[in-house]
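See structure below.
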Amino acid sequence: MTGDEGKTAILHIGLFKTGTTSFQAALADNRRRMRRRGFDFYRGAVRRDTHGELFRAAVRDGLESFGSLAHPDEDKAALRETVRAHIHDFVRRTPAQTLIFSAEALSLLRSEDECRALRALFPDTVTRFRILLVLRDKQEFLASYTRQILRVKGRRPSDDPASALYVGPGTWLTDFDGLIAAYEAVFGPVEVLDYRREGMLPALFDRIGLDLPVDERHYAKNVYDGASGLSALHRQASAGWARLRTRLLPFG
C-alpha cells in the first residue's frame, strides 16, 4: 500500500450556527500537532481554512445561498475542476491517513445528485468517509440563522421557499431527516452530535478521535446569541492571542 491509499475523509457539514467557525480555527491553528497524530486539515483552493468551495462545486444550479450571493458570476464548471484537482493533490501529498474537511454550507446539499457531485471531487484513494453533523433545536437554529442573514447590510430573508435564505413556515432548512437521508444514500451513516451552547470543540475532537486539548474560550467566534458587544469583543481578542501563541510556541 502506498502513502495515499486507503485514506479516510471526515466531512464536517454544519449546521450553520453550531460552532463551525471555531472548529475550523482550532484545526487550522493546530495543523502541525494534528499531522503528528496522523490527521490533516485541508487547505482550500479558494479560502484556506473555510471550505465553502466544496459546497459551491456540488450544489444544485439556481439555489440562492450565501455562496451564490457572494460569488454571483462564478464559473461552476471551472470551480469544480479547480477544487477537484486541489483535493487530489492534497490527498496525494499529505502523509496523514485521516483528512478533515469542514464547511457548514454542505448542510444545504439535500439530494443524492448533489452528494454524488461532492463525492466525485475526491480521488478513489479516499476509501472511507465519515460525515459529522451537529444539530440544534429547530427554532433556535432558525432564529440564529436569521440573525446571520441580517448581519450583511442589505441582505434579507427571502420570500422564495426554494431559497436557502427562506426561513418562513415550512422551510426546508429544518428538514434534518431529508439532509441525513441524502448523505447516507451516498456516503453511509451520518454521525449526529447535539449542539452545546457552551461550545462544541471537545465533543467534535472526541468524535473524530483526535486528542488535542484546546481552550474553548479562545475559539469563540461569531457569537451573537445573547452576548454583549463587549463580551464578544473580548472573546475575539482572546481568540486572536491564542492563535498567535499557538504559532509561536513549540508544537507538542
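The values are calculated or read from the model by the stated rules, or taken from the named source; none is laboratory data. Quick caveat: nothing in here was measured; it's all calculated off a predicted structure. No Cβ is skipped: glycine too gets one built from the backbone with ideal geometry, and neighbour counts run over all protein chains shown. Remember, those area values only see protein heavy atoms, side chains included, never the ligands or the DNA or RNA. Shrake-Rupley method; radii C 1.70, N 1.55, O 1.52, S 1.80 Å.
Below is a table of values for the structure above.
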| read-out | value |
| --- | --- |
| Residues located in the stretch 168-192, provided they are among the aliphatic types (A, V, I, L, M) and more than 22 Å from ARG147 (Cβ to Cβ) | ILE180, ALA181, ALA182, ALA185, VAL186, VAL190, VAL192 |
| Given (1) open to solvent by less than 10 Å² (accessible area, probe 1.4 Å); (2) assigned to a strand (DSSP E or B); (3) among the aromatic types (Phe, Trp, Tyr), index of the condition PHE129 fails | (1) |
| Per-region count, the stretch 97-124, residues in contact with a strand residue (DSSP E or B) (Cβ under 6 Å, 6 or more places away or on another chain) and of a type in the set (S, T, N, Q) | 3 |
| Filter result for the condition that a residue is modelled with pLDDT of 80 or more, loosely packed, with under 14 Cβ neighbours inside 10 Å and under 30 Å from SER68 (Cβ atoms), over ASP177, ASP206, ASP211 | ASP177 |
| Sole exception among (1) among the charged types (D, E, K, R); (2) under 18 Å from the mean Cα position of the chain (by Cα); (3) open to solvent by 30 Å² or more (accessible area, probe 1.4 Å) for ARG136, by number | (3) |
| Those residues of the stretch 149-166 which are under 14 Å from LEU108 (Cβ atoms), open to solvent by 30 Å² or more (accessible area, probe 1.4 Å) and not in a loop (DSSP other than H, G, I, E, B), in sequence order | none |
| The stretch 214-244, subset more than 23 Å from THR146 (Cβ to Cβ) and at pLDDT 50 or above, residue most open to solvent (accessible area, probe 1.4 Å) | ARG217 |
| Residues being among the polar types (S, T, N, Q), in contact (Cβ under 8 Å) with a residue 60 or more places away in the chain and out of contact with any helix residue (DSSP H, G or I) (no Cβ under 7 Å at 6 or more places or on another chain) - total across the stretch 122-161 | 4 |
| So ALA26, is it touching a Cys at 6+ places or on another chain (Cβ under 9 Å) and open to solvent by less than 10 Å² (accessible area, probe 1.4 Å) | no |
| Residue selected from the stretch 35-47 under the condition open to solvent by less than 10 Å² (accessible area, probe 1.4 Å) and either touching a Pro at 6+ places or on another chain (Cβ under 8 Å) or at pLDDT 95 or above (or both), by the criterion farthest from VAL83 (Cα to Cα) | ASP40 |
| Unique match (being closer than 24 Å to ASN30 by Cβ and at pLDDT 85 or above) among GLU184, GLU198 | GLU198 |
| Qualifying positions in the stretch 99-116 - crowded, with 19+ Cβ neighbours inside 10 Å and more than 15 Å from HIS51 (Cα to Cα) | ARG110, GLU114, CYS115 |
| GLY6 vs. criteria in contact (Cβ under 8 Å) with a residue 12 or more places away in the chain and either surrounded by fewer than 22 Cβ atoms within 10 Å (Cβ to Cβ) or basic (Lys, Arg) (or both) | yes |
